[in-house]
1. Mind checking which residues of segment 1-26 are part of a helix (DSSP H, G or I), open to solvent by less than 50 Å² (accessible area, probe 1.4 Å) and free of Cβ contacts under 8 Å to residues at least 60 places away in the same chain?
2. So which residues in segment 27-55 are on the phi > 0 side of the Ramachandran plot and either among the hydrophobic types (A, V, I, L, M, F, W, C) or open to solvent by less than 60 Å² (accessible area, probe 1.4 Å) (or both)?
3. Check whether at least one residue in segment 127-138 is of a type in the set (Ser, Thr, Tyr), loosely packed, with under 13 Cβ neighbours inside 10 Å and in a strand (DSSP E or B), and report yes or no.
4. Given the conditions (1) open to solvent by 70 Å² or more (accessible area, probe 1.4 Å); (2) under 25 Å from Arg149 (Cα atoms); (3) at pLDDT 95 or above; (4) within 19 Å of the chain's Cα centre (by Cα), and given that Arg92 satisfies all but one, which numbered condition is not satisfied?
5. For segment 47-71, enumerate the residues that are assigned to a helix (DSSP H, G or I) and without any contact (Cβ under 8 Å) to a residue 12 or more places away in the chain.
Amino acid sequence: MSENHRIDNLDRSILSALQLDARTPYAELGKRFSVSPATIHVRVEKMKQAGIITGTQALVNVKQLGYDVCCFIGINLKSAKDYASALAQLERLEEVVEAYYTTGHYNIFIKIMTRSIDELHSLLTNRIQAIDEIQSTETLISLHNPISRQVVP
């Protein structure tokens, strides 16, 4: 989407409700916002077409799946031209759950989830630092995630 789609208060309310529970029936949303379920459907479809709603997903408690280590790794590349190649290699690592091309001290900043410090150590030394395009890394281990939210529409 190249330009911003304008949304009104009803769209914002629909987005907020769907962010809390994407499985909320349109009939329930219609009652809540005093409009018909068809109106909700049309609004949601328009927001999908505009690229505002890009999908739905189940929120997973990663701790319950055994992922006890969350960390962030700042990556310095050997050269700016190495970005695409390094990113492609990082994307193949399933432990990399987010990646950002950044300004400032690092070229790339990634979020990693592993089951243990030993697994993190192995990933870092045997797979991430083995990527030729990477000059150096700095690892920051997350101790707690007290704030986790989406943007308010």
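The values are calculated or read from the model by the stated rules, or taken from the named source; none is laboratory data. Note that the structure is predicted; figures quoted are calculated from it, not measured. Every residue, glycine as well, gets a Cβ built from its backbone with ideal geometry; the counts of neighbours run over all protein chains shown. Accessible surface areas use protein heavy atoms only, side chains included; no ligands, DNA or RNA. Shrake-Rupley method; radii C 1.70, N 1.55, O 1.52, S 1.80 Å.
1. Here is the first cut: in segment 1-26, the residues part of a helix (DSSP H, G or I) are 9-20, 26.
From the residues that got through so far, the ones that are open to solvent by less than 50 Å² (accessible area, probe 1.4 Å) too are 10-11, 13-18.
Correct list: Leu10, Ser13, Ile14, Ala17, Leu18.
2. Initial filter on segment 27-55 (on the phi > 0 side of the Ramachandran plot): 34, 51, 55.
Matches in segment 27-55: Gly51, Gly55.
3. Of segment 127-138, the ones of a type in the set (Ser, Thr, Tyr) are 136-137.
The next check asks that each one be loosely packed, with under 13 Cβ neighbours inside 10 Å; those that pass are 136.
Restricting the remaining residues to those that are in a strand (DSSP E or B) gives 136.
Yes, because at least one residue in segment 127-138 is of a type in the set (Ser, Thr, Tyr), loosely packed, with under 13 Cβ neighbours inside 10 Å and in a strand (DSSP E or B).
4. Checking Arg92 against (1) open to solvent by 70 Å² or more (accessible area, probe 1.4 Å); (2) under 25 Å from Arg149 (Cα atoms); (3) at pLDDT 95 or above; (4) within 19 Å of the chain's Cα centre (by Cα), the one that fails is (2).
5. Within segment 47-71, Lys48, Gln49, Lys63, Gln64, Leu65 meet the criteria.
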